Every structure is written in structure tokens, then in C-alpha cells.
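A.B. asks: What follows is a structure written as C-alpha cells; I'll ask about it next.
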Amino acid sequence: MPDAQAARHVRGGAAAGMRRRRLRAFVLVLLLSNAVDCEAQAVLGLARAVAGPSGTAMPPVRLPGSAVAAPAPPAAPAAVIPGFHGPPEASSTSASGPVVAQPAHMPFYVATKGTTTIYVLGTLHVGDPADYPPSAPFRRPILAALAAAPTLALELSPDDLIASQDDVSKYGVCNYACLPRLLPAPLMRKLAARLRENPAALAEIKKTRPWLAALLVETYGSLSAGLQTEYGTEAQLQNVYLRSRGKVVGLETLGEQMRAFTNLTLAEQREMLAQDLEETPEQTVDDVKTLHRLWRVGDADAISAWASAKSERLASSKAAARSLDNKIVFERNRRFTARMVQLAAPNRPIFVAIGALHLGGRKGVLALLRERGFVVDPA
């Protein structure tokens, strides 16, 4: 092989390897953050990691007139925790006096049973800087609960994510363009049309299984809505929590979360992707912004009702959609609830932070805690 040709071959192989590593790293964080709840929650923003040969990534859709997030309600009174005084209020000045920057309200609940307490926060895996003012990133009751809890439980532990990186490549990525063989031709044409302005991204997605393709499509919607992963709730919580503590655990293993997707039937995977492609990119952006506004207001049941209505509207197969919801949301809700109850102990509260779409509704975590005898109240 001539030297120049060999060099091109080496560079091409290195570039392909880098793209695979970027894709794997992207999906790992995507799975950690639980991009999908029951109706394709488009809430992750790492699709820029899926770069094409030129190093460029999926460009966000630019839409005129971006929506403004709903203002957060006034902060609740501080919970009384001995030795905890909370951060100083973030403020600035205006003609009428000091202006206090308020964090997003967020869905936050306290579940109690005797002397056992579980704090439950509904997270959003991407966000806006305005959601977390630097001097007071969370409301005082949330900060007080973090200070009182010796354990922070997320959907997955950070250590589990690092230790299990190869699983994503093993189960979600093919070594050839397998996706066109796994999708009906009309659905594949819809996907190609959606990504026609980014052939490099389409080439990478063709090497994924349908469930992973669906997660990637959802993620592009989040990017286009202007939200950022560094302002996801989990990342911001750990910034606060790890300053004085350090015990962060997972409510499920990466293997368990992976199986929620890899055990989907082909019909369920197709339904998952079909729901994502049923909307236009502009409609997807509107949905992301709506979810963000509902999360800022902080009512888990309102979020659940909105999500259920969306799923009903987008479902192409009602049976497949119901089965999909059960496998990737409701079964995991039951697992989350069982694990958080196991971790909690009398006079040793636990702080739980999971996707906001897991909380509300009759099959949500809050209802399951009530079934176990907990009194659950918003805080």
C-alpha cells in the first residue's frame, strides 16, 4: 500500500474509531440520564458528540421566537435543620430595589412513614442556566433536605456508568448499517428525511438498533430547544451534594436500565421511533419547551397528565405503545420504589432524584409510595 494511501487508511480508521467512541460516550450519558420515560421525553443534549467525518455535529434547529419559561413560584419557607443555614440569596438591583433570582420550583415531595423519610425530587436531564441561580441553585426546602440526607440516590450511580461503558456499544450499536434492515421502508424514509441535512448523523444512526435511534432523534429535539446537559438537575445536585458529602448510589444498575430497552420487541422499538418521527422538528421543540415549563412549575401529576396525552396522540399502535410504557416506565417505577424503601431507614432520610415523568399518575412513584403506607406531600 503506498504511503499516502496507508496514511489515509490510518486516518480514516482513527476517525471512525473516534466517532464510535463519541457515540458510545454519548449514549452512556443518555442512558444515565434516562432520556425516555413513557412518550419519548426529549431531554438530553449530547447529540453534538455524534460527529461526522468533518468533526461537525447535528446542528440545532433555529426557530423564530423562542418560548420563555414560566416564572417559578415564590420560594417556600426554609425547612429547619440544625446547623444548616442555606446559601445567601442571589440578588441584583433595579430601580425598585433588590431583585432576588429564584431557582426553578421543580417537583419536590416528602414521603414519611413513622420516622422514615424519603425526599423525592423530579429531575429534568437538561435545563437552562436560569433554572439554577449560582448563589441559590435550589429552593431552600430542597437544600435543607440534601443537608439532612446521608445518601443521594439517582437512577444510576456514576461509578456504574463508568464501569459498564462497553455495554452500550455491545447492545445498541451494530458493526454495519443494521437499522434499514430492522425498520419498515416507510419509517426508514421518514428518518432519512428528518436527518437529510446531516448525512453524517444519518450514517451513524444507521448503525444503531431502533431503540437507540429513537433516543438519538429525541436528543436532537432537546438540542434544538436550546437546553443544555450541564444544567440537568442531576449534575447540579451533585455539584451541591458532593461539596460536603459523597455517598451517591443508584436505584438500578446499568444492566437493569439497559435491559429496559434491549428487551423491547422489534414492534415496540419501531413504535418508539415512530412516535418520535410523528411530529415535525418544530413540534418536538415545542414539546420540550412545554415539558420544561411544567417542570419549573413543579406539579408531578400535571406533568404525568401532559405526558399521557402526548403518548395517546402520537401512538401508531395502541397495544405496542402500552407495552412500551410498561417496560420502560412502569416496571422501572416499581423497581425505583422498592429500592428507595430498602435504602431508607428510621431517622436516616434518603434523597432521591429521578426523572420527573416517573413521579406522577396512578402508576407513578408517588402513588406507589402511598400504597406502601407513606404519607406523601409536596414541599
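A.B. asks: Given H placed 1.01 Å from N in the peptide plane, which residues other than close sequence neighbours of Thr117 have an amide H under 5 Å from its amide H?
C.D. replies: The list, which skips near neighbours in sequence, is Ala345, Asn347, Arg348, Ile350.
A.B. asks: Arranged by the count of other C-beta atoms within 10 angstrom, fewest first, what order do Arg362, Arg339 take? Can you show the working numbers first?
C.D. replies: Numbers: Arg362 9, Arg339 18.
If I rank by nearby Cβ atoms, fewest first, I get Arg362, Arg339.
A.B. asks: Right, something else. So if R0 is 30 Å, what FRET efficiency would Ala319 and Asp286 give, r being the distance between their Cβ atoms, rounded to the nearest 0.05? Before the final figure, lay out each step's value.
C.D. replies: Details: r = 28 Å, r/R0 = 0.92.
That gives a FRET efficiency of 0.60.
A.B. asks: Cross-link list Lys190/Lys289; Lys310/Lys363; Lys247/Lys363: which exceed 19 angstrom alpha carbon to alpha carbon?
C.D. replies: Numbers: Lys190/Lys289 23 Å; Lys310/Lys363 17 Å; Lys247/Lys363 29 Å.
Violating the 19 Å Cα-Cα cut-off are Lys190/Lys289; Lys247/Lys363.
A.B. asks: Next up: With 10 angstrom as the radius, rank Leu143, Leu202 by how many other C-beta atoms surround their C-beta, starting from the fewest. Walk me through the numbers on the way to the answer.
C.D. replies: Values: Leu143 22, Leu202 19.
Sorted ascending by nearby Cβ count, the order is Leu202, Leu143.
A.B. asks: For q values of 0.12, 0.20, 0.24 Å⁻¹, compute log₁₀ I(q)/I(0) with the Debye formula on a Cα-only model of segment 136-250, without solvent.
C.D. replies: Log-scaled intensity ratios, in q order: -0.64, -1.08, -1.32.
A.B. asks: Return the Rg/Rh value of segment 194-340, two decimal places, where both radii are evaluated on C-alpha atoms and Rh is the Kirkwood radius. Intermediate values should be presented prior to the final figure.
C.D. replies: Details: Rg = 16.8 Å, Rh = 17.3 Å.
Ratio of gyration radius to Kirkwood radius: 0.97.
A.B. asks: Going by amide H atoms built from the backbone, whose H comes under 5 Å of the H on Gly355, apart from near neighbours?
C.D. replies: Distant-sequence amide H within range of Gly355: Thr123.
A.B. asks: Can you give me the distance in nm between label points at Arg189 and Leu242, each placed 7 Å from the Cα along the Cα-to-Cβ direction?
C.D. replies: 4.8
A.B. asks: Also: Sort Trp295, Trp306, Trp211 so that the residue with the fewest other Cβ atoms within 10 Å of its own Cβ comes first and the one with the most comes last.
C.D. replies: Working: Trp295 28, Trp306 18, Trp211 23.
By the 10 Å Cβ count, ascending: Trp306, Trp211, Trp295.
A.B. asks: From the backbone phi of segment 171-184, what are the Karplus-calculated ³J(HN,Hα) couplings (6.51 cos²θ - 1.76 cosθ + 1.60, θ = phi - 60°) in whole Hz, Gly and Pro given as x?
C.D. replies: Karplus values, whole Hz, x for Gly and Pro: 9, x, 10, 9, 8, 8, 6, 7, 4, x, 7, 9, 10, x.
A.B. asks: Net charge near Glu331, counting Lys/Arg +1 and Asp/Glu -1 over other residues with Cβ under 11 Å of its Cβ? Present the calculation step by step, with values, prior to reporting the outcome.
C.D. replies: Numbers: positive: Arg259, Lys327, Arg332, Arg334, Arg335, Lys363; negative: Glu252, Glu256, Asp325.
Summing Lys/Arg as +1 and Asp/Glu as -1 gives +3.
A.B. asks: Quick one: which residues, 5 or more positions from Thr208 or on another chain, have an amide H under 5 Å from its amide H? H modelled 1.01 Å from N in the peptide plane, none for Pro or chain starts.
C.D. replies: HN-HN under 5 Å from Thr208: Cys174, Cys178, Leu179.
A.B. asks: How much length, in nm to one decimal, is gained on full extension between Thr265 and Glu230, taken as 0.36 nm per residue of separation minus their Cα-Cα distance?
C.D. replies: Numbers: separation 35, 0.36 × 35 = 12.60 nm, distance 3.30 nm.
Result: 9.3 nm gained on full extension.
A.B. asks: If N is the number of residues in segment 292-369, what value comes out of its Cα radius of gyration divided by 2.2 N^0.38 Å?
C.D. replies: On the way: Rg = 14.1 Å, N = 78, 2.2 N^0.38 = 11.5 Å.
Cα-based Rg divided by the globular estimate yields 1.22.
A.B. asks: Contour minus end-to-end for Asn326 and Glu278, with contour as 0.36 nm per residue of separation and end-to-end as the Cα-Cα distance?
C.D. replies: Here the segment from Asn326 to Glu278 would lengthen by 15.2 nm.
A.B. asks: Extension gain Asn175-Asp128, at 0.36 nm per residue separation less the Cα-Cα distance, in nm? List each step's numbers first, then the result.
C.D. replies: On the way: separation 47, 0.36 × 47 = 16.92 nm, distance 3.62 nm.
Result for the pair: 13.3 nm of gain on full extension.
A.B. asks: Here's a follow-up. Mean projection of the alpha-carbon convex hull of segment 197-245 over all orientations, in nm²?
C.D. replies: Working: hull surface 19.7 nm².
For segment 197-245, the mean projected area of the Cα convex hull comes to 4.9 nm².
Taken together, the values in this text are just the output of simple stated rules run on the coordinates, not laboratory data. Nothing here was measured: the structure is a model prediction, and the numbers come from that model. Here the Cβ is made from the backbone with ideal geometry for all residues, glycine too, and neighbour counts use every protein chain on show.
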